[in-house]
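Contents: one structure, followed by commentary.
Coordinate-derived values only; no laboratory data. Since the structure is predicted, the reported quantities are computational estimates derived from the model, not experimental observations. Note that we place each Cβ from the backbone using ideal geometry, even for glycine, and neighbour counts take in every protein chain shown.
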Amino acid sequence: MAKEKLYGKTLNELIAVTRKLGMPGFAAKQIADWLYKKEIGTIDEMTNLSKKMRELLSNDYEIGLSNPVSFMQSSDGTKKYLFRVLDNKFIETAFIPDNDRATICVSSQAGCKMGCVFCMTGRQGFQGNLSSNEILNQFRSLPEFRQLTNMVYMGMGEPLDNLTEVLKSLEILTGDWGYAWSPSRITVSTVGLVTSIIEFLEKSRCHLAVSLHSPFDEERKKLMPIQKTNTVKEVLDIIKSFDFTRQRRVSFEYIIFKGINDSPRHVRELARLLNGIRCRINIIRFHSFPGSDLSSPGMEATIAFREALNAKGILATIRSSRGVDINAACGLLSTLEQNKT
Ligand code: SF4
């Protein structure tokens, strides 16, 4: 029988493990220390546990780390790693160095249910939720792990559709007994799952990024089917009821498509919709992929769109395109790998 993985368990879950095995109460904290602070690779390295305890643990458990199966490197330093998860599925993880920042972009699901038309992962359909182990393994097993300064949950999948495991991974990343990262180094994105946003905002202090892409109902429905059941208006009402004035930030992701959502009409409606919310819009340039008839309006029009938003008092920035030469469109690499296998 396959052994259970210790890596990715919260302190409470480790306490349950030690209780089940009849180990002393303090052993859970010791194990967390070995897993998340001392970064060991085998149970045998947990030398402050007695040999008997280590044997007991090893009978049913393993650490549970796994290296990426392949990677590609862009000329701009961005790297895309492929990890094998679940039953021979593949997910992508991006490493994005940028001056004094080094960001990891993790996946939270294999495939995705949300079906956004501009997304390659959406076309894969849903293949499964990643466990906290599989989410955090992307972080821990990244060769650049020690350089990382920031983490975004913006890879494959909708993080708030896998909220339990995402929250567990955030607890480990930010807990004193875990990696003790400040929540302000972590951003979780969402298409806007109304009930999960409330739970996320209540249970974590990490930043939130909402994928907006159009301020108009009918247009957004065409780009993002989630708008049919979870409207942006509902999402904004929730955001307005939470305090984003201190450490925590909310931002809106806006992929700009030529002739679809790049007009002065969109600027006016965005300004109206976001009025009263302290936020930023991240304008993202679209990278086309095979089978998509959407296109980018080009840099000049994108800058004009940003300026128009800024003139309306909305802080807007253009996210620089990274890793374009290695198929940076999320889901493309894993689709290719899946097709091979
Ligand atoms: S953009 Fe995100 S939520 Fe939408 S289909 Fe792609 S992975 Fe899923």
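Before we move on, is L136 over 13 Å from the mean Cα position of the chain (by Cα) and aliphatic (A, V, I, L, M)?
It is false that L136 is over 13 Å from the mean Cα position of the chain (by Cα) and aliphatic (A, V, I, L, M).
Taking the criterion of being free of Cβ contacts under 8 Å to residues at least 24 places away in the same chain, surrounded by fewer than 15 Cβ atoms within 10 Å (Cβ to Cβ) and under 22 Å from S334 (Cβ atoms), would at least one residue in the stretch 156-178 satisfy it?
Checked against the condition, which is being free of Cβ contacts under 8 Å to residues at least 24 places away in the same chain, surrounded by fewer than 15 Cβ atoms within 10 Å (Cβ to Cβ) and under 22 Å from S334 (Cβ atoms), the stretch 156-178 yields no hits at all.
Is it true that A316 is buried (at least 16 other Cβ atoms within 10 Å of the Cβ), among the aliphatic types (A, V, I, L, M) and on the phi < 0 side of the Ramachandran plot?
So A316 passes the test.
Inside the stretch 302-319, can you point out the residues that are free of Cβ contacts under 8 Å to residues at least 40 places away in the same chain and part of a helix (DSSP H, G or I)?
Correct list: I303, A304, R306, E307, N310, A311.
Quick check, is K228 touching a Lys or Arg at 6+ places or on another chain (Cβ under 8 Å), surrounded by fewer than 21 Cβ atoms within 10 Å (Cβ to Cβ) and not small (G, A, S)?
Against the criterion (touching a Lys or Arg at 6+ places or on another chain (Cβ under 8 Å), surrounded by fewer than 21 Cβ atoms within 10 Å (Cβ to Cβ) and not small (G, A, S)), K228 qualifies.
When you scan the stretch 92-136 for strands (runs of 3 or more DSSP E) that lie fully inside it, which ones turn up with 1 or more residues that are within 11 Å of the ligand (Cβ to nearest atom)?
It comes to 109-111, 126-129.
Which is more than 23 Å from the chain's Cα centre (by Cα) and either in a helix (DSSP H, G or I) or closer than 22 Å to G178 by Cβ (or both), of E13, E55?
Testing whether each residue is more than 23 Å from the chain's Cα centre (by Cα) and either in a helix (DSSP H, G or I) or closer than 22 Å to G178 by Cβ (or both) leaves just E55.
Search the stretch 190-202 for residues that are farther than 10 Å from V235 by Cα and pair each with any residue that is in a helix (DSSP H, G or I) and more than 10 Å from the ligand (Cβ to nearest atom) when their beta-carbon atoms are under 6 Å apart and the residues are at least 6 apart or on different chains.
So the pair list comes out as S196/L163.
Can you tell me how many residues in the stretch 67-91 are within 25 Å of E158 (Cβ to Cβ), over 19 Å from the mean Cα position of the chain (by Cα) and in a loop (DSSP other than H, G, I, E, B)?
Number of matching residues: 3.
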